[in-house]
Amino acid sequence: MELYLGIDIGSVSTNLVMLDPLGEPYLAPLYLRTQGQPIAALQRGLAIIRDQLGKGDLVCGVGTTGSARQLAGVLVGADVVKNEISAHAVAALRILPEARTVIEIGGQDSKIIILRDGIVVDFAMNTVCAAGTGSFLDQQAFRLNIPIDEFGALAGQACTPVRIAGRCTVFAESDMVHKQQMGHTLPDIVAGLCEAMVRNYLNNVGKSKDVAPPIVFQGGVAANQGMRAAFEKALQAEVVVPRYYNVMGAYGAALLARDQTQRRAGTGFRGWQVSTMPFQQRSFECKACPNACEVIEIKQEREVLARWGDRCGRWGVTGAEADQAVQQH
Amino acid sequence: MKITYPHMGNLYIAIRALLLKLGLDPVLPPPTSRKTALLGVRHAPEFACFPLKLNLGNFLEAREMGADTVLMGGGIGPCRFGYYAEVQREILADLGVSMEMVVLEPPSGDWVTFKTRTRSLVGDCSWWQVLKAIRFAWYKARAVDALESKLLYLRPRLCEPLQLEAIYREALRRVDMAENRRGLDLAVSDFLKDTRGLPGKSGDLLRVGLVGEIFTVLDPYANYDIERHLGLLGVEVTRSIFLSEWINEHLFGGLFHVGGLDHLKEAASPYLNAFVGGHGRETVGATVHFARQGYDGVVQVAPFTCMPEIVAHSVLPAVTRDHGIPTLSFYLDEQSGVAGIVTRLEAFVDLLEARRKKRLKEGV
């Protein structure tokens with residue numbers, strides 16, 4: 001079958017989704033931990049998918065997204081390299097075409113996307129503060145000694161959620177410790193934490209945005225029923241969590257790859273051997289001018305696949321000319 | 001007296017010309033780099049804005065090159081910038097770095113003080129020479145503006161934008177080196193000639209207006225090359241304010257009659273009728289102005305904690321609602337990862353494209 005691959009490499013997770021020509025998931029989507037090694041995570045994911053494919057299966061398009069989209073795009077030979085905001089919007093609209101708000105909370109960032117009549121009209125990402133993202137929830141679950149997957153269910157048992165300052169994780173944590181010592185129950189504290197995070201999100205990321213239903217909630221944190229309930233309470237509206245909530249970026253990238261390659265035939269996919277190829281990456285500081293750009297170089301054996309990070313374009317070339325420049329460096 | 005001054009985009013070219021013509025000995029700090037930012041961040045108060053930190057880094061780097069005097073801009077109104085020269089003087093003193101601080105402020109009516117201060121700086125130059133120096137610096141600023149606006153216009157239109165940038169850098173160097181008006185005119189006309197034959201792309205371009213706090217609008221280090229990122233994404237960027245306009249308003253007290261910023265102040269009404277410091281009102285006015293001219297979107301840039309721009313930012317949703325122009329705001333501070341900025345710019349461009357397509361379909 002003709003298949004379309006979407007890859008989303010973020011700070012916390014690396015996700016891969018395979019779609020059939022109708023845009024439905026073909027294999028079970030993969031959700032892997034990036035663990036600070038995007039190339040290794042990507043190769044692991046590709047190997048898992050390769051082993052599940054049948055004889056007639058053929059990849060006809062690849063799209064990448066996430067903070068390592070450029071890197072992933074070079075390694076696999078992507079047809080589409082798309083920012084995660086657009087990719088998430090595409091996926092949400094596929095699930096719920098009449099959606100008007102997308103809340104996405106991932107490992108280290110959170111975003112809001114405002115949609116009207118099927119197009120993005122406004123968006124925002126968290127900037128100066130990582131409070132209210134998955135990493136903070138992880139950390140607090142660990143501190144309270146609750147497995148993260150039970151966190152949300154626990155919040156559901158709360159009778160009177162406690163009030164916790166959500167402005168900053170440092171204050172939130174000291175508030176939580178205080179409430180614990182006062183004798184509040186764990187479910188009340190956990191539910192209070194969810195509400196604090198939702199307040200923080202709406203005040204920071206959702207600030208001055210026109211949040212209207214239907215609302216889609218996606219990203220890893222959408223697994224947390226406590227967070228979903230807190231959003232529904234704060235927004236006074238139903239919040240929809242799609243079935244593949246934690247791989248929506250990859251889903252969107254695959255949909256975009258499908259649209260792109262169906263319009264323009266032919267894929268740049270470099271094949272499954274990518275999963276076993278040795279890649280070398282290194283970074284260096286360019287000394288040609290005082291800007292001192294940090295240049296990143298990706299090599300496959302001796303061949304330079306790509307370089308980026310420079311402002312002037314000096315390193316942006318590949319091939320013999322650039323190799324020479326590197327040797328002189 | 002070895003005199004230095006902070007970088008702000010290509011401002012150094014005009015100021016160097018001014019000082020040289022006054023018979024002074026300017027020391028240009030190295031271009032703002034990560035090292036500059038590091039120095040500034042280490043010694044500045046954490047919640048001071050990014051320009052103060054970069055200025056301070058510039059001064060310290062210039063000090064290593066032998067500078068003993070700093071020429072710094074001042075200002076009036078609620079923006080903290082007006083007080084920066086004093087804060088910087090104190091910080092330098094605390095560090096045991098002895099540098100004289102000369103503050104250039106708009107005369108705002110008090111010509112006597114302005115005259116004495118200028119006199120102390122220029123020594124025994126005649127007023128005629130001072131005027132001539134100011135006029136030459138002005139021409140340099142205009143030449144720089146001509147190059148920059150052409151660069152912004154051409155970058156999204158050419159197949160090889162990197163080649164264009166190389167030609168631009170060379171033209172800028174020639175403007176900097178020029179010793180008379182003929183040299184300036186030649187540098188600009190050669191730039192226009194050299195870029196004319198370059199292969200171009202066809203198609204309808206998106207147009208975005210860049211508004212916000214002046215330092216972050218003009219300085220590519222401070223704004224992480226936002227203009228360039230947008231240009232390479234195929235977007236034509238227009239600035240709400242150019243260097244020469246700022247110089248005229250802030251340093252020369254409106255001496256030259258060029259299109260000032262008054263029309264932007266008017267356009268800000270009824271959204272923001274008061275002077276809120278810095279260029280807050282002009283940010284709102286420019287957004288309205290760009291919307292009226294049919295631009296696709298507006299990007300606002302400001303240093304983190306910039307009060308005038310925060311006021312403007314909170315007014316912009318009303319402008320978007322009435323004029324249907326999308327806006328995207330960035331608060332900038334020391335940060336080495338540009339990924340977040342690029343992601344937002346890409347998404348913004350996607351948004352603008354989708355909007356345009358939809359409008360075409362609906363025949364608006």
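The values are calculated or read from the model by the stated rules, or taken from the named source; none is laboratory data. As the structure is a computational prediction, the values presented were derived from the model and not from experiment. Cβ sites come from the backbone with ideal geometry, for glycine too, and all protein chains shown count toward neighbours.
Here are some notes:
- Residue count for segment A:60-85 under the criterion of being in contact (Cβ under 8 Å) with a residue 60 or more places away in the chain, in a helix (DSSP H, G or I) and crowded, with 23+ Cβ neighbours inside 10 Å: the result is 6.
- Segment B:331-345, subset surrounded by fewer than 21 Cβ atoms within 10 Å (Cβ to Cβ) and among the hydrophobic types (A, V, I, L, M, F, W, C), residue nearest to the other protein chains (Cβ to nearest Cβ): B:A339
- Tally of residues being outside any loop (DSSP other than H, G, I, E, B) and either modelled with pLDDT of 80 or more or of a type in the set (D, E) (or both) across segment A:291-316: 12
- Evaluation of A:G107 against the conditions (1) farther than 14 Å from A:A222 by Cβ; (2) modelled with pLDDT under 95; (3) more than 9 Å from chain B (Cβ to nearest Cβ) shows that the sole unmet condition is (1).
For every residue, the table says whether it meets (1) assigned to a strand (DSSP E or B); (2) touching a Ser or Thr at 6+ places or on another chain (Cβ under 7 Å); (3) closer than 20 Å to B:V211 by Cβ; (4) assigned by TED's automatic domain parsing to the domain that holds B:G294.
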{"site": "B:I325", "(1), (2), (3), (4)": "no, yes, yes, yes"}
{"site": "B:F330", "(1), (2), (3), (4)": "yes, no, yes, yes"}
{"site": "B:T343", "(1), (2), (3), (4)": "no, no, no, yes"}
{"site": "B:A347", "(1), (2), (3), (4)": "no, yes, yes, yes"}
{"site": "B:D350", "(1), (2), (3), (4)": "no, yes, no, yes"}
{"site": "B:E353", "(1), (2), (3), (4)": "no, no, no, yes"}
{"site": "B:K358", "(1), (2), (3), (4)": "no, no, no, yes"}
{"site": "B:K361", "(1), (2), (3), (4)": "no, no, no, yes"}
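- Sole residue being at pLDDT 95 or above and assigned by TED's automatic domain parsing to the domain that holds A:S110, chosen from A:V216, A:V198, A:V211, A:V190: A:V216
- Residue list for segment B:346-363, filter: more than 7 Å from chain A (Cβ to nearest Cβ) and more than 12 Å from A:D122 (Cα to Cα): B:E353, B:R356, B:K357, B:R359, B:L360, B:K361, B:E362, B:G363
- Segment A:42-99: number of residues that are touching a strand residue (DSSP E or B) at 6+ places or on another chain (Cβ under 8 Å), of a type in the set (V, I, T) and within 27 Å of A:M125 (Cα to Cα): 8
Quick grid of which residues meet (1) of a type in the set (A, V, I, L, M); (2) over 27 Å from B:P26 (Cα atoms); (3) within 14 Å of another protein chain (Cβ to nearest Cβ):
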position	(1), (2), (3)
B:D176	no, no, no
B:E179	no, no, no
B:G197	no, yes, no
B:G203	no, yes, no
B:D219	no, no, yes
B:N223	no, no, yes
B:I226	yes, yes, yes
B:L232	yes, yes, yes
B:V235	yes, yes, no
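- Considering segment B:291-320, the residues that are within 9 Å of chain A (Cβ to nearest Cβ) and out of contact with any Phe, Trp or Tyr (no Cβ under 9 Å at 6 or more places or on another chain) include one that is surrounded by the most Cβ atoms within 10 Å (Cβ to Cβ), namely B:T320.
- The lone exception for B:A93 - which of (1) part of a loop (DSSP other than H, G, I, E, B); (2) at pLDDT 90 or above it fails: (1)
- Single unsatisfied condition, A:L93 versus (1) within 30 Å of B:R359 (Cβ to Cβ); (2) in contact (Cβ under 8 Å) with a residue 60 or more places away in the chain: (2)
- Among residues of segment B:109-127 that are surrounded by 13 or more Cβ atoms within 10 Å (Cβ to Cβ), those with a beta-carbon under 7 Å from a residue that is at pLDDT below 75 at least six positions away or on a different chain give the pairs B:F114/B:P107.
- Candidates B:F81, B:F47, filtered to the one that is closer than 26 Å to B:I310 by Cβ, buried (at least 22 other Cβ atoms within 10 Å of the Cβ) and modelled with pLDDT under 90: B:F81
- Subset of segment A:31-43 (residues that are more than 22 Å from A:I296 (Cα to Cα) and either crowded, with 16+ Cβ neighbours inside 10 Å or touching a Cys at 6+ places or on another chain (Cβ under 9 Å) (or both)): A:Y31, A:L32
- In segment A:109-124, residue surrounded by the most Cβ atoms within 10 Å (Cβ to Cβ) [restricted to those that are in contact (Cβ under 8 Å) with a residue 24 or more places away in the chain and over 15 Å from A:V198 (Cα atoms)]: A:I113
- The residue that is farthest from B:N180 (Cα to Cα), among those in segment B:15-44 that are within 13 Å of chain A (Cβ to nearest Cβ) and crowded, with 22+ Cβ neighbours inside 10 Å, is B:T36.
- Residues (free of Cβ contacts under 8 Å to residues at least 24 places away in the same chain and assigned to a helix (DSSP H, G or I)) located in segment A:224-261: A:E232, A:D259
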